[in-house]
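For reference, the structure discussed in these notes is given below.
The values are calculated or read from the model by the stated rules, or taken from the named source; none is laboratory data. For clarity, every value in this text was computed on a predicted model and none was experimentally measured. Glycine also receives a Cβ, built like all others from the backbone with ideal geometry; neighbour counts cover every protein chain displayed. In case anyone asks, the SASA skips ligands and DNA or RNA and just uses the protein heavy atoms, side chains included. Shrake-Rupley method; radii C 1.70, N 1.55, O 1.52, S 1.80 Å.
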Amino acid sequence: MKTPGQIIPAQGKLGVLLAGLGAVSTTFIAGVEAIRKGLALPIGSLTQMGTIRLGKRTENRTPLVKDFVPLAGLGDLEFGGWDIFEDDCYEAARHAGVLEASLLEKVRPELSAVKPWTAVFDRQYVKRLDGPNVKKGKSKKDLAEQLRADIRRFKADRGLDRMVMVWCGSTEVFMTQAPVHETIEAFERGLEENDPAIPSSMVYAYAALMEDVPYANGAPNLSVDVPALVDLAQRRRVPVAGKDFKTGQTLIKTVIAPGLKARLLGVTGWYSTNILGNRDGEVLDDPESFKTKEESKKSVLDYILQPNLYPDLYKDLCHVVRINYYPPRGDNKEGWDNIDLVGWLGYDMQLKINFLCRDSILAAPIVLDLALFLDLARRAGLSGIQEWLSFYFKSPMHAPELYPEHDLFIQLMKLKNTLRHLMGEDLITHLGLEYYD
Ligand SMILES: NC(=O)c1ccc[n+]([C@@H]2O[C@H](COP(=O)([O-])OP(=O)(O)OC[C@H]3O[C@@H](n4cnc5c(N)ncnc54)[C@H](O)[C@@H]3O)[C@@H](O)[C@H]2O)c1
């Protein structure tokens with residue numbers, strides 16, 4: 001890690017590479033363009049609207065995050081990406097139906113200019129999709145080389161200084177770690193031999209790392225979260241983060257559950273169900289893709305509630321997660337949570353949450369923050385897993401010997417303390433005894 005004075009300034013243009021130009025990516029790009037034109041505010045983005053307290057509470061030093069750490073400006077971002085469909089980003093955004101047509105018209109030239117490059121795709125890993133805009137290659141290694149050529153061309157054509165990549169592609173089928181994922185050598189052999197345990201998202205992650213491009217995974221599939229690719233990231237000094245953007249129901253879960261645990265209230269049941277009608281919902285209607293999502297959504301409560309430490313309160317917790325594909329709702333997801341609680345002397349209570357959210361509206365600012373923070377991390381000399389970015393993920397990547405931290409408030413403290421640490425400011429512990437000495 002560099003000292004504050006050694007952090008490379010954010011000069012020049014930052015290329016944001018998006019693997020998958022669907023609802024989330026197009027809402028992100030359209031949003032940045034609208035914000036650049038002064039048509040809207042970057043609501044939901046910590047890098048743009050968040051503040052950070054520095055020093056003691058009596059010092060009144062609370063700058064905006066973007067004024068405290070050297071981040072790329074929104075005006076310096078350039079967008080490029082891949083999709084299996086040929087629609088440019090304007091057409092894809094119209095299809096996704098997240099943003100109003102009147103807003104899309106105002107950023108139409110910028111969106112139309114982002115045309116997807118041919119994708120690395122195999123139906124074996126996303127059963128509900130098929131599209132024409134797909135690369136051909138004799139091996140996965142060859143496909144990775146084609147992606148690397150796309151990345152280099154984008155950099156040269158746009159005169160970019162730096163790049164980051166965010167996986168916003170569909171959720172792939174459930175996979176667990178296989179021998180080919182264990183070492184860089186085994187992984188590269190697997191690429192050449194077309195090992196079926198290497199899905200498309202891993203080919204993108206590999207290509208990014210080989211081009212020294214930081215990589216974040218917005219979906220729950222493994223992608224960069226295997227030892228071979230984490231080691232490659234370390235070896236090449238590139239930061240990575242994942243998995244699965246924390247939006248909607250899981251975001252609320254990681255707000256409510258720490259509160260219940262803080263007051264030692266027991267939980268016997270947590271039933272979560274969703275209806276969702278976008279393409280993501282359609283992909284998740286396939287049981288194998290749903291299983292990847294389910295694992296990601298379900299692990300959250302176990303880690304927050306720690307039933308091993310609090311068996312009387314949480315050992316019998318029944319946690320059920322359902323997602324139902326329901327086309328009339330489009331991107332406007334509706335989630336219901338029923339929580340069965342236990343209080344003093346074992347008396348039962350219930351809490352019901354009905355969240356009428358907009359999936360991509362919640363995800364777009366996360367893409368922006370991840371792009372800017374990963375770029376900062378690279379310029380600050382950080383590499384490998386960026387646990388301080390757990391704040392943005394449902395299944396945060398973590399060192400093998402650690403359990404993941406899911407509590408949103410601990411995640412936020414970790415993120416802000418990391419920024420303070422990078423900039424040589426005191427960490428904030430909230431002890432505060434000095435105010436009463
Ligand atoms: N929106 C949210 O709140 C949210 C939250 C967490 C995770 N995610 C995940 O983010 C991802 C994107 O979500 P979305 O709502 O934009 O979905 P979407 O279906 O609208 O977009 C995904 C796009 O990826 C493309 N794609 C699939 N495989 C590809 C490949 N190998 N290469 C290039 N393109 C590929 C698809 O054609 C599609 O256009 C999904 O995996 C989703 O599960 C979304």
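For region 15-166, what does the convex hull of the Cα positions come to per residue, in cubic angstrom?
Roughly 151 Å³ of hull volume per residue.
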Open item on the list: Quick one: the Cα spread of region 106-184 along its three principal axes, in angstroms, biggest first?
Closed with: 45, 30, 23
TODO: Over 36 Å, how big is the tail of the calculated P(r) for the chain, in percent of all Cα pairs?
DONE: 26
TODO: Kindly point out which whole DSSP H helices in the chain project their C-alpha atoms 18 angstrom or further along the helix axis while averaging a Kyte-Doolittle hydropathy of 0.5 or above.
DONE: 23-36, 248-262, 359-379
Task: Kirkwood Rh (inverse of mean 1/r, distinct Cα pairs), region 42-86, angstrom - done: 13.1
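Using only Cα atoms, what is the ratio of the radius of gyration of region 274-356 to 2.2 N^0.38 Å?
Cα Rg divided by the expected 2.2 N^0.38 Å: 1.31.
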Open item on the list: So, taking all protein chains as they sit and a 1.4 Å probe, how much accessible area belongs to residue 355, in Å² rounded to tens?
Closed with: 60
Task: Accessible area, probe 1.4 Å, largest first, for residues 181, 319, 95 - done: 95, 319, 181
Open item on the list: If I ignore ligands, DNA and RNA and count only protein heavy atoms, how much of residue 243 is accessible to a 1.4 Å probe, in Å² to the nearest 10?
Closed with: 30
Task: Accessible-area order (highest first, 1.4 angstrom probe) of the listed residues 134, 367 - done: 134, 367
Task: Rg/Rg_ref, region 219-370, where Rg_ref = 2.2 N^0.38 Å and atoms are Cα - done: 1.17
Task: Accessible surface of residue 265 - all protein chains present, 1.4 Å probe, nearest 10 Å² - done: 50
Open item on the list: Restricting to Cα pairs below 8 Å that are 6+ residues apart, what does the relative contact order work out to for region 324-423? Please round to a whole percent.
Closed with: 16
- [ ] Would you work out the relative contact order for region 14-94, in percent, from Cα pairs under 8 angstrom that are 6 or more residues apart?
- [x] 48
TODO: Would you work out the relative contact order for region 196-250, in percent, from Cα pairs under 8 angstrom that are 6 or more residues apart?
DONE: 38
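Go through region 367-424 and name the GluC sites (Glu not before Pro) that are in a DSSP coil and have 14 or fewer other Cβ atoms within 10 Å of their Cβ.
Taking region 367-424 and a limit of 14 other Cβ atoms within 10 Å, the loop GluC sites (Glu not before Pro) found are 401.
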Task: Point-to-point label distance, residue 348-residue 136, nm (Cα→Cβ direction, 7 Å offset) - done: 6.2
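Taking square-rooted eigenvalues a ≥ b ≥ c of the alpha carbon gyration tensor, is region 65-109 rounded, prolate or oblate, where a/c under 1.5 means rounded and, failing that, a/b exceeding b/c means prolate?
Here region 65-109 falls in the prolate category.
For region 294-437, rounded, prolate or oblate, judged on the Cα gyration tensor with a ≥ b ≥ c (square roots of eigenvalues), a/c < 1.5 rounded, else prolate if a/b > b/c?
Since a/c reaches 1.5 but b/c is at least a/b, the shape of region 294-437 is classed as oblate.
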- [ ] Could you run the Karplus curve 6.51 cos²θ - 1.76 cosθ + 1.60 with θ = phi - 60° over region 329-339 and give me ³J(HN,Hα) per residue in whole Hz, x for Gly and Pro?
- [x] 7, x, 7, 7, 6, 10, x, 10, 10, 10, 10
TODO: Identify all lysines with a Cα-Cα distance to residue 155 below 18 Å; exclude those on the same chain that are fewer than 8 residues away in sequence.
DONE: 13, 115
Task: Protection-proxy order for peptides 20-31, 150-161, each taking the mean of Cβ atoms within 10 Å per residue, highest first - done: 20-31, 150-161
Task: region 205-342, accessible area per residue, ligands and nucleic acids excluded (1.4 Å, Å²) - done: 36
Open item on the list: How long are the semi-axes of the equivalent ellipsoid of region 191-301, defined as square roots of 5 times the Cα gyration tensor eigenvalues? Whole Å, largest first.
Closed with: 31, 19, 12
TODO: Taking amide H positions as placed in the peptide plane 1.01 Å from N, state which residues far from residue 393 in sequence (5 or more) or on other chains have amide H under 5 Å from it.
DONE: 246
Task: Förster radius 41 Å - calculated FRET efficiency between residue 6 and residue 37 (Cβ-Cβ, nearest 0.05) - done: 0.70
TODO: Working with all protein chains in place, sort 87, 142 by solvent-accessible area computed with a 1.4 Å probe, largest first.
DONE: 87, 142
Open item on the list: What lysines does residue 243 reach when the alpha-carbon gap must be under 21 Å and sequence neighbours fewer than 8 apart in one chain are set aside?
Closed with: 127, 253, 291, 293, 297, 298, 333, 394, 414, 416
Task: region 267-309: radius of gyration and largest Cα-Cα distance (Dmax), Å - done: 13.0, 40
